[in-house]
Amino acid sequence: MTTKLERQSAPAPILACTVSRDVQNFDLLIEDMETLLGEGWGDLGFEEALTFLGQPDAGTLEFIALAMDSEDENNLTLLCKIIGRAIERGIKVILIAEDVTPAALHQLLRGGADEFAPYPLPEGELANAVTRLRARAEAAAAVPAAEHGTKLKGGGDGILIAAQGLCGGTGTTTFAVNLAWELATVRKDAAPRVCLIDLSLQFGTVATYLDLPRREAVLELLSDIPSMDGDSFGQALVPYEDQLQVLTAPPDMLPMDMLSPTDVKALLDVAREHFDFVVVDLPKAISDWTDTVLTEAQVFFALVELDMRSAQNALRLKRALQSEDLPFEKIRFVLNHAPKFTDLQGKTRAKRMAEGLGIDFSVLLPDGGKQVQMAGDHGVPLARQAAKNPLRKEIAKLAAELYAIGQSDAEAA
């Protein structure tokens with residue numbers, strides 16, 4: 001192992017390096033780096049990495065493996081700076097974490113880390129991550145910059161489906177991402193055209209959940225909605241496996257009032273013109289264009305959990321919408337982490353909650369367990385990570401129902 005990237009006589013080029021508080025705490029990472037790169041890698045501490053990544057010698061690096069554990073959560077600001085410096089130099093970042101909270105992990109992934117792997121490393125996981133990085137780089141290099149984006153066909157009248165969580169942690173993005181994917185793959189032939197839009201302009205994580213880049217074209221599109229057309233909308237989209245088109249949140253945090261109700265309606269109209277289904281992941285905050293989405297949507301899902309905060313927020317939402325004569329009846333309430341079939345006490349609580357609020361739970365989503373978090377961290381839909389997961393099965397069932405309804409409406413028209 002080459003330590004501290006010291007120059008030696010006729011040194012081998014350094015292709016990657018580990019960045020950690022103490023790499024000896026990650027012995028499996030050392031083994032995998034040696035297997036993958038031989039002597040062509042080095043090791044840096046956090047402060048050293050920040051300095052080195054600004055130097056010309058860093059130009060040979062293909063990636064850094066940023067390794068951290070729970071003790072490093074106090075240094076998230078520094079770690080984000082390291083990731084940012086690597087991005088500036090065009091160096092990929094593989095995040096390797098042990099016993100790190102989801103909040104810290106998501107902050108670093110939002111900061112621009114390209115891949116994530118849990119520690120202890122599963123066999124071959126580091127090599128697989130590097131292979132994915134190289135494949136994406138080759139694919140991007142093969143496509144001229146002017147051809148990035150998606151060529152769209154108009155003439156459609158897509159079904160608009162919105163999803164909003166009434167409090168934190170209700171799994172809204174997980175629901176929206178997987179519902180969009182299940183709709184896009186509901187048929188093997190003549191599959192519907194599906195677009196997933198992340199309207200959480202500040203903390204949207206759809207890009208993270210699908211391991212997609214956040215493109216500057218999104219900011220350009222949102223900054224000039226009046227000039228938007230099908231071509232500019234398509235240029236801002238990022239495809240996922242050529243089956244799902246995604247409008248991610250912009251790279252930088254934007255104020256919620258950047259978009260007006262008129263802007264949002266125009267954006268949704270263009271999406272519906274070019275896609276059979278448009279799934280919108282909404283922020284938890286109510287904005288002055290939330291009622292626009294509610295009015296335009298054919299289906300509006302509100303996700304809650306079986307707790308007091310969800311009950312109180314659902315009641316507040318009900319009062320707010322009814323006071324403004326907005327279509328509260330359009331909302332379909334989704335109970336996430338719903339009680340199991342054998343949990344009679346939990347089912348009784350759910351029934352009382354619904355009766356107390358004067359609502360019905362039209363969708364009951366089971367607890368998907370750790371596989372849900374793993375799928376999000378690896379940037380793949382549940383169908384790819386754990387096809388037999390109970391949550392995935394329920395979302396696939398819902399997607400099939402929505403597709404069937406859409407087909408019936410099209411035939412009736």
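The values are calculated or read from the model by the stated rules, or taken from the named source; none is laboratory data. The shown structure was predicted, so the numbers you read here are calculated from the model rather than taken from an experiment. Cβ atoms come from the backbone with ideal geometry, glycine included; neighbour counts cover every protein chain shown.
For CYS80, the criteria (1) among the hydrophobic types (A, V, I, L, M, F, W, C); (2) part of a helix (DSSP H, G or I); (3) under 26 Å from PRO13 (Cβ atoms) hold in every case but one, which is (3).
Could you tell me which of the residues PHE361, PHE328 is aromatic (Phe, Trp, Tyr), surrounded by 13 or more Cβ atoms within 10 Å (Cβ to Cβ) and in contact with a strand residue (DSSP E or B) (Cβ under 6 Å, 6 or more places away or on another chain)? Reasoning before the result, please.
Working: PHE328 fails: in contact with a strand residue (DSSP E or B) (Cβ under 6 Å, 6 or more places away or on another chain).
That would be PHE361, the only listed residue that is aromatic (Phe, Trp, Tyr), surrounded by 13 or more Cβ atoms within 10 Å (Cβ to Cβ) and in contact with a strand residue (DSSP E or B) (Cβ under 6 Å, 6 or more places away or on another chain).
Tally the residues that are among the charged types (D, E, K, R) and either in a strand (DSSP E or B) or not assigned by TED's automatic domain parsing to the domain that holds GLN107 (or both), restricting the search to region 54-77. Steps first, answer last, please.
Pass one, region 54-77, residues among the charged types (D, E, K, R): 57, 62, 69, 71-73.
This time we only want the ones that are either in a strand (DSSP E or B) or not assigned by TED's automatic domain parsing to the domain that holds GLN107 (or both), so: 69.
Of the residues in region 54-77, 1 are among the charged types (D, E, K, R) and either in a strand (DSSP E or B) or not assigned by TED's automatic domain parsing to the domain that holds GLN107 (or both).
For first residues located in region 256-271 and assigned by TED's automatic domain parsing to the domain that holds ASP224, partners that are buried (at least 17 other Cβ atoms within 10 Å of the Cβ) and of a type in the set (D, E, K, R) and lie 6+ apart or on another chain with Cβ distances below 7 Å form the pairs LYS265/GLU296; LEU268/GLU296.
Checking each residue in region 99-120 for being surrounded by fewer than 21 Cβ atoms within 10 Å (Cβ to Cβ) and in contact (Cβ under 8 Å) with a residue 60 or more places away in the chain picks out PRO102, HIS106, ARG110, PRO118, TYR119, PRO120. Pairs needed: first member in region 385-406, crowded, with 19+ Cβ neighbours inside 10 Å; second member anywhere, among the basic types (Lys, Arg) and assigned to a helix (DSSP H, G or I); C-beta distance under 7 Å; at least 6 residues apart or different chains. Listed by first residue and then by second, the contacts come to ALA386/ARG392.
Once region 197-226 is narrowed to residues that are crowded, with 18+ Cβ neighbours inside 10 Å and among the charged types (D, E, K, R), the residue that is farthest from VAL293 (Cα to Cα) is ASP211.
Do you know which of the residues in region 26-66 that are hydroxyl-bearing (Ser, Thr, Tyr) and farther than 25 Å from PRO122 by Cβ is modelled with the highest pLDDT?
Restricting to residues being hydroxyl-bearing (Ser, Thr, Tyr) and farther than 25 Å from PRO122 by Cβ, the top hit is THR51.
Taken over region 219-247, the criterion of being at pLDDT 95 or above and in contact with an Asp or Glu (Cβ under 8 Å, 6 or more places away or on another chain) is satisfied by VAL246, LEU247.
Would you confirm whether any residue within region 174-186 is under 25 Å from ALA338 (Cβ atoms), of a type in the set (Asp, Glu) and either free of Cβ contacts under 8 Å to residues at least 12 places away in the same chain or buried (at least 20 other Cβ atoms within 10 Å of the Cβ) (or both)? Yes, that holds for at least one residue.
The set of residues in region 260-289 that are within 21 Å of the chain's Cα centre (by Cα) and either aliphatic (A, V, I, L, M) or more than 26 Å from LEU321 (Cβ to Cβ) (or both) comprises VAL264, LEU267, LEU268, ALA271, PHE275, VAL278, VAL279, VAL280, LEU282, ALA285, ILE286.
When we screen LYS340, LYS351 for residues that are more than 30 Å from TYR240 (Cα to Cα), basic (Lys, Arg) and touching an Asp or Glu at 6+ places or on another chain (Cβ under 9 Å), the only hit is LYS340.
With respect to the conditions (1) free of Cβ contacts under 8 Å to residues at least 60 places away in the same chain; (2) touching a His at 6+ places or on another chain (Cβ under 8 Å), THR348 lacks only one, and its number is (2).
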